[in-house]
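Trainee: Here it is: the structure, laid out below.
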Amino acid sequence: MVATPTQPPRNDAPAGESNSHKRPRRRRGPLQLVSPYLMVAPAALGIVFLLFYPVVKNAILGFKHYGKKEFTLGLSGDWVGFDNFKEIFQDDKFWEVTKRSFWFTGVNVVAIMVLSTLIALMLMRLGKVMRILVLTSLVTAWAMPVIAATTVFKWLFRSDNGIVNYLLVKLGFDSFDDYTWFAHGSSTLVVVFILLVWQSVPFATLTIYAGLTTIPTEVYESARLDGAGPVRIFRSITFPMLRPIFLLVTSLEIIWIFKSFAQIWSIAGDNGPIDDVATLPVYAYQVGMQLKRYGVAGAISTVTVLLIAAMLVFYFRQLFKQEREAEK
């Protein structure tokens, strides 16, 4: 009688698993479930307190009659519905300031984007030492506080001993001898324009330059071999590849210029032609703090926030449109 060999027990378990029971997955405790939310809670609460609460409070104020009496006695104010909004929409001064805000923003943004693009393209062609020097100068200008930069510009454009008048006279423009820049609205706007462009160009330039460094040099070399010039290369290669960056920077600059307040008020608010250079944020401050009409100022500020929000909506729509086109 021949003994049949005994077969080893069959293991039907998949590879990598033993016959022993799987270790049960440990359930996450309540603390582990809420810990991600606890980590982001301080930032979320800060945003709500510093951003959403003032915006909502300001919007509510725009629907109330709230003046010096209510502020002094600590009263909540009476609800007046859309009366404050009707008043500002029927005020010619409001539409004059709104028009000035839009065209002033447009002129500034165009100048900022053109100068920033040219400087960023120049940085790509500079040597290492000069590139570091220019980048350091841009970062230094960007890091200067707003009020400090405004004070320096007021010194530069002084009528008696300002360096700007001195240089213009030396160049042959004798009409600028003791010229008072801050006595007229047009000349004051010129100073504010130069100041805002000077403060904005560093950020835009560094962002565009960072985007330019991501474009392969082989693409430019192929275009030059095909006979393309600098303008054609920028129009056909650089701008299409950096379109999202240009759109982002342009949108941010529009918002930053549109809501600028400190520069305008610091230059023209102290015995200057503030009425001739005021934009919407400055006009809201005038109505609220000088005329003590806080409800009307809240309505002006609410309209300003809505205009900025509309710009953000336009930006995101364009961004999502480009993403859909890229996916196709």
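Trainee: Work out how much length Asp160 to Phe261 would gain on full extension: take 0.36 nm times their residue separation and subtract the Cα-Cα distance, in nm to one decimal.
Mentor: Numbers: separation 101, 0.36 × 101 = 36.36 nm, distance 2.67 nm.
Result for the pair: 33.7 nm of gain on full extension.
Trainee: Also, quick follow-up: Taking only DSSP H segments of four or more residues, each worth -39500 (n - 2.57), what value at 222 nm results for the chain once the sum is divided by all its residues, to the nearest 500 deg cm²/dmol? Intermediate results must be reported in sequence, preceding the final value.
Mentor: Details: 16 runs with 217 residues, N = 328.
Result for the chain, helices only: -21000 deg cm²/dmol.
Trainee: Starting with the highest mean, order 276-285, 56-65 by the number of other Cβ atoms within 10 Å, averaged over the residues of each peptide.
Mentor: Numbers: 276-285: 22.3, 56-65: 17.2.
Packing proxy ranking, top to bottom: 276-285, 56-65.
Trainee: What do you get for Rg/Rh over the chain if you use C-alpha atoms and the Kirkwood form of Rh? Don't jump to the answer; show the numbers that get you there.
Mentor: Numbers: Rg = 30.3 Å, Rh = 25.2 Å.
Answer for the chain: 1.20.
Trainee: Compare the peptides 188-197, 232-241 by average per-residue count of other Cβ atoms within 10 angstrom and give them in order, highest first.
Mentor: Numbers: 188-197: 19.6, 232-241: 14.5.
Peptide ranking by packing, descending: 188-197, 232-241.
Trainee: Anything in the chain that counts as a DSSP H helix reaching 30 Å or more along its axis (C-alpha) with Kyte-Doolittle mean of at least 1.0? List them, would you?
Mentor: On the way: long enough: 92-125 (50 Å, 0.87); 185-212 (38 Å, 1.63); 294-327 (49 Å, 0.71).
Span-like helices here: 185-212.
Trainee: Can you tell me, using C-alpha contacts under 8 Å and at least 6 residues apart, the relative contact order of the chain as a whole percent?
Mentor: Numbers: 276 pairs, mean separation 87.3, N = 328.
About 27 percent, as a whole number.
Trainee: Same structure again: What number, in nm² with one decimal, is the all-direction average of the projected area of the convex hull of the alpha-carbon atoms of the range 40-155? Intermediate results must be reported in sequence, preceding the final value.
Mentor: Details: hull surface 54.3 nm².
Here the figure is 13.6 nm², rounded to one decimal.
Trainee: Further, regarding this structure: Taking the Cα centroid of the range 254-328 and of the range 104-146, what is the distance between the two, rounded to the nearest whole Å?
Mentor: Cα centroid of the range 254-328 versus Cα centroid of the range 104-146: 24 Å apart.
Trainee: Taking R0 as 51 Å, what's the FRET efficiency between His65 and Tyr220 from their Cβ-Cβ distance, rounded to 0.05?
Mentor: On the way: r = 63 Å, r/R0 = 1.24.
The calculated FRET efficiency here is 0.20.
Trainee: With label points built 7 Å along Cα→Cβ from the Cα atoms of Leu312 and Leu118, find their separation and express it in nm.
Mentor: Modelled inter-label distance: 3.3 nm.
Trainee: Taking the Cα centre of the chain as the origin and placing charges on Cβ (Lys, Arg +1; Asp, Glu -1), which of Ile119, Trp103, Ala278 is farthest toward the positive end of the dipole?
Mentor: Ile119
Coordinate-derived values only; no laboratory data. Everything numeric in this text was worked out from a predicted model, so none of it was measured. No Cβ is skipped: glycine too gets one built from the backbone with ideal geometry, and neighbour counts run over all protein chains shown.
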